[in-house]
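Structure record follows, encoded as structure tokens.
The values are calculated or read from the model by the stated rules, or taken from the named source; none is laboratory data. As the structure is a prediction and not an experimental result, all values here were calculated from the model. Every residue, glycine among them, receives a Cβ derived from its backbone with ideal geometry; neighbour counts consider all protein chains shown.
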Amino acid sequence: MADMEKTRAEPVEAWITGIGLTTSLAEGLDAHWDALAQRRINVDATTFAPYLVHPLAPVIFDQQIPKKGDQRQMEAWQRIGTYAAGLALDSAGIKGNTDILSKMDMIVAAGGGERDLAVDSAILSSEAQGNSSPGYLNERLVNDLRPTLFLAQLSNLLAGNIAIVHGVTGSSRTFMGEEAAGVDAVRIALARIAAGQSDIALVGAAHNGERKDQLMLYEFGDFNLKDTFQPVWAREPKGGFALGSGGAFLVIESKAHAQARSAKPYARLTNVVSDLARRQHPGEITATLDKLWSKLGPVHSDAAIISGAPGTEPATAEERAFLRQHPEHPVRATATAFGQIVEAQFPLGIALAALSLSHGALFPPNDPTGVEIEMSAAPTQIVVTGTGHWRGEGMALVEAVR
């Protein structure tokens, strides 16, 4: 009996068996690896000037969302996410496998939907000119907004569209809360698999950074990077992020489930931890990252770090202070090449970690400050950090499967 209880208490090993990426750099894993090797960066400095944006690379959505009607009723961020989810299912070799998809859990991190800028502008202009009567706002919202717009703004519609298009019909969860939502989506997926409550899960997020309304909202918080692009570590002391468009989805499953269908892992997801520093005093983010590091489990001296530092301050400087305490670990910042894709930033970091481990190499640095150094040895562990631009911290340990 004691042996049975001990066996039951042991956590189930979780493998990453599918990765779907579509970002400003490329679409698909080989294209991303080539772009990272070439240190390529895709930044648009004119369309939304003075704000910088990493626009989505060309995508033929028909390849993963074949019905035009499905595409039309989605906002851009939902098309991006549904497309990336399809890539992840293809990567895992389960696209169209109804037996697996019908039991597959889905955990999505999502923001709110897009505004109808023409309607908003007309209402604000009328208000400013004093031409609005009592009840004008309600009347315009009722008459001018498309019925589908409100549906497209529902955060859980990304999961809904993935279920409709790809047939993923197990349990579904959607988390909101910017970068922290992406951390929690992966953390909960791993916890369910480790506890034996789930065999296989589709996890990820998507973001459309090419939105005037969103740029305006972030400008109110003085978060946007303006005028001249710089890599993340070179943006101090003012800081700022360049919003990016992209989707990152992962297929995570138990080792036993993967082996039963002869699936090969990209990497093992060993641990995910999260916290919420109060951020009322300098150093609190650094202290929280220190605490998360101690909870990850044994981290080898030759492990690499893929950082989700956003570029904004003080979050980036405080993460950099944490990294200085671990100078032996080569660092790569995802926001330099991909921009800030908010909810998808942490899943992106894990995807790049798994991709690097499967290639037996860390992609080269893309940083003039010296924070990022070369790594010639094949990594066996990669720590992924996720520091939110104004709240939330997370960390994951991703390991090679030999």
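From the list Leu362, Leu292, pick out the single residue that is at pLDDT 95 or above, closer than 29 Å to Ser254 by Cβ and assigned to a loop (DSSP other than H, G, I, E, B).
Only one candidate qualifies: Leu362.
Quick one: is Lys264 among the charged types (D, E, K, R) and either at pLDDT below 95 or over 27 Å from His300 (Cα atoms) (or both)? Taking the combined requirement at face value, the residue does not satisfy it.
Taking the residues in region 100-128 that are within 10 Å of Val168 (Cα to Cα) and among the charged types (D, E, K, R) as candidates, determine which candidate is surrounded by the most Cβ atoms within 10 Å (Cβ to Cβ). If we take residues in region 100-128 being within 10 Å of Val168 (Cα to Cα) and among the charged types (D, E, K, R), then Asp105 is surrounded by the most Cβ atoms within 10 Å (Cβ to Cβ).
Considering only residues in region 343-376 that are touching a residue at least 60 places away in the same chain (Cβ under 8 Å) and among the polar types (S, T, N, Q), the one that is surrounded by the most Cβ atoms within 10 Å (Cβ to Cβ) turns out to be Gln345.
Taking the conditions exactly as written (closer than 22 Å to Leu215 by Cα and in contact (Cβ under 8 Å) with a residue 24 or more places away in the chain), does Gly311 satisfy them or not?
yes
Being over 19 Å from the mean Cα position of the chain (by Cα) and either surrounded by 19 or more Cβ atoms within 10 Å (Cβ to Cβ) or at pLDDT 95 or above (or both) holds for only one residue in Phe229, Phe150, and it is Phe229.
Scanning region 178-200 for residues that are part of a loop (DSSP other than H, G, I, E, B) and either surrounded by fewer than 19 Cβ atoms within 10 Å (Cβ to Cβ) or among the polar types (S, T, N, Q) (or both) gives Ala195, Gly196, Gln197, Ser198. Sub-9 Å Cβ pairs linking a first residue in region 189-210 that is in contact (Cβ under 8 Å) with a residue 12 or more places away in the chain to a second residue that is of a type in the set (Phe, Trp, Tyr) and part of a helix (DSSP H, G or I), at least 6 apart or interchain, are Ala205/Phe346; Ala206/Trp77; Ala206/Tyr83; His207/Trp77; Asn208/Trp77, ordered by first then second residue.
Taking region 101-147 as the range and being closer than 30 Å to Ala201 by Cβ and modelled with pLDDT of 75 or more as the test, the residues that pass are Leu101, Ser102, Lys103, Met104, Asp105, Met106, Ile107, Val108, Ala109, Ala110, Gly111, Gly112.
Here's the yes/no breakdown for (1) aliphatic (A, V, I, L, M); (2) in contact with a helix residue (DSSP H, G or I) (Cβ under 9 Å, 6 or more places away or on another chain); (3) outside the structural domain of Lys67 (by TED's automatic domain parsing):
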| position | (1), (2), (3) |
| --- | --- |
| Ile162 | yes, yes, no |
| Gln197 | no, yes, no |
| Asp213 | no, yes, no |
| Thr228 | no, no, no |
| Pro231 | no, yes, no |
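Check region 250-257 and report whether any residue there is in a loop (DSSP other than H, G, I, E, B), within 21 Å of the chain's Cα centre (by Cα) and in contact (Cβ under 8 Å) with a residue 12 or more places away in the chain. Looking for residues that are in a loop (DSSP other than H, G, I, E, B), within 21 Å of the chain's Cα centre (by Cα) and in contact (Cβ under 8 Å) with a residue 12 or more places away in the chain, one finds none in region 250-257, hence no. Only one entry of Gly308, Gly297, Gly283 meets the criterion of being buried (at least 17 other Cβ atoms within 10 Å of the Cβ) and of a type outside the set (D, E, K, R), and that entry is Gly308. Where residues in region 50-95 are of a type in the set (Asp, Glu) and farther than 17 Å from Leu157 by Cα, which of them is surrounded by the most Cβ atoms within 10 Å (Cβ to Cβ)? It comes out as Asp90. Touching a Pro at 6+ places or on another chain (Cβ under 8 Å), in the same structural domain as Leu243 (by TED's automatic domain parsing) and surrounded by fewer than 17 Cβ atoms within 10 Å (Cβ to Cβ), is that true of Asp302? In short, yes.
Cβ separations smaller than 6 Å between residues 6+ apart or across chains give the following pairs from region 16-44 residues that are closer than 14 Å to Pro58 by Cα to residues that are assigned to a helix (DSSP H, G or I) and among the hydroxyl-bearing types (Ser, Thr, Tyr): Thr22/Tyr83.
Among the residues of region 327-348, those identified as part of a loop (DSSP other than H, G, I, E, B) and more than 25 Å from Gly113 (Cα to Cα) are Pro327, Glu328, His329, Pro330.
Scanning region 258-280 for residues that are part of a strand (DSSP E or B), aliphatic (A, V, I, L, M) and surrounded by 19 or more Cβ atoms within 10 Å (Cβ to Cβ) returns Ala267, Leu269, Val272.
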